[in-house]
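A.B. asks: This is the structure I have questions about; it appears just below.
The values are calculated or read from the model by the stated rules, or taken from the named source; none is laboratory data. It should be emphasised that the depicted structure is a prediction, and the values quoted were computed from it without experimental measurement. Virtual Cβ from ideal backbone geometry, glycine too; neighbours counted across all protein chains shown.
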Amino acid sequence: MPVPNLNLWDLPASTSATVAAFEDTLPKDYCLRLTELGLGIGETVECLRHVPLRGPRVYRIGDSVFSIAEDVARGVMIHAVQSGETRGVQP
């Protein structure tokens, strides 16, 4: 598998990707909480929208929707950016 070169914050709106790894700089309790929310390694995540002024971005993980702040999203490495659909959620 190729080395991930993007982090979750880089994911464009209306696209999806697979979680590849957590950066070593991301606190372990954050990694655990993200995994509990369904954002574990190998899971698919979709960016639904970018909020203005560098606010938290909105992501779909399974059937749930979460906002994730930049400092946390930059610690989640991703693979295989693909075109996605928002399944009825307006960006």
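A.B. asks: For the stretch 30-46, give me each residue that is of a type in the set (A, V, I, L, M, F, W, C), surrounded by fewer than 16 Cβ atoms within 10 Å (Cβ to Cβ) and under 16 Å from residue 7 (Cβ atoms).
C.D. replies: Initial filter on the stretch 30-46 (of a type in the set (A, V, I, L, M, F, W, C)): 31-32, 34, 37, 39, 41, 45.
After this cut, where a residue has to be surrounded by fewer than 16 Cβ atoms within 10 Å (Cβ to Cβ) as well, the list is 32, 37, 41.
41, the sole residue that qualifies.
A.B. asks: Need the failing condition index for residue 49 against (1) crowded, with 19+ Cβ neighbours inside 10 Å; (2) among the basic types (Lys, Arg); (3) over 11 Å from residue 73 (Cα atoms), just the number.
C.D. replies: (1)
A.B. asks: For the stretch 55-65, which positions are of a type in the set (D, E, K, R) and under 17 Å from residue 76 (Cα atoms)? Reasoning before the result, please.
C.D. replies: Of all residues in the stretch 55-65, those of a type in the set (D, E, K, R) come to 57, 60, 63.
Answer for the stretch 55-65, where residues must be of a type in the set (D, E, K, R) and under 17 Å from residue 76 (Cα atoms): 57, 60.
A.B. asks: Of the numbered conditions (1) over 10 Å from residue 77 (Cα atoms); (2) in contact (Cβ under 8 Å) with a residue 60 or more places away in the chain, residue 9 fails exactly one; give the number of that condition.
C.D. replies: Going through (1) over 10 Å from residue 77 (Cα atoms); (2) in contact (Cβ under 8 Å) with a residue 60 or more places away in the chain one by one, residue 9 breaks only (1).
A.B. asks: Still on this structure, please answer the following. Every residue in the stretch 3-13 that is touching a strand residue (DSSP E or B) at 6+ places or on another chain (Cβ under 7 Å) and either modelled with pLDDT under 90 or surrounded by fewer than 16 Cβ atoms within 10 Å (Cβ to Cβ) (or both), please.
C.D. replies: Within the stretch 3-13, 4, 12, 13 meet the criteria.
A.B. asks: Output yes when any residue across the stretch 14-29 is small (Gly, Ala, Ser), surrounded by 14 or more Cβ atoms within 10 Å (Cβ to Cβ) and assigned to a loop (DSSP other than H, G, I, E, B), and no when none is. Talk me through it step by step, then tell me what you get.
C.D. replies: Step one: of the stretch 14-29, the residues small (Gly, Ala, Ser) are 14, 16-17, 20-21.
From the residues that got through so far, the ones that are surrounded by 14 or more Cβ atoms within 10 Å (Cβ to Cβ) too are 14, 16-17, 20-21.
Narrowing the set further to residues that are assigned to a loop (DSSP other than H, G, I, E, B) leaves 14.
Looking through the stretch 14-29, at least one residue is small (Gly, Ala, Ser), surrounded by 14 or more Cβ atoms within 10 Å (Cβ to Cβ) and assigned to a loop (DSSP other than H, G, I, E, B).
A.B. asks: Give me a count of the residues in the stretch 30-46 that are hydrophobic (A, V, I, L, M, F, W, C) and in a loop (DSSP other than H, G, I, E, B). Working first, answer last.
C.D. replies: Going through the stretch 30-46, the residues hydrophobic (A, V, I, L, M, F, W, C) turn out to be 31-32, 34, 37, 39, 41, 45.
Among the residues that remain, those that are also in a loop (DSSP other than H, G, I, E, B) are: 37, 39, 41.
Counting residues in the stretch 30-46 that are hydrophobic (A, V, I, L, M, F, W, C) and in a loop (DSSP other than H, G, I, E, B) gives 3.
A.B. asks: Still on this structure: Quick one: in the stretch 54-67, of everything that is surrounded by 17 or more Cβ atoms within 10 Å (Cβ to Cβ) and in contact with a Leu (Cβ under 7 Å, 6 or more places away or on another chain), which residue is nearest to residue 37 (Cα to Cα)?
C.D. replies: Once the filter is applied, the top-ranked residue is 61.
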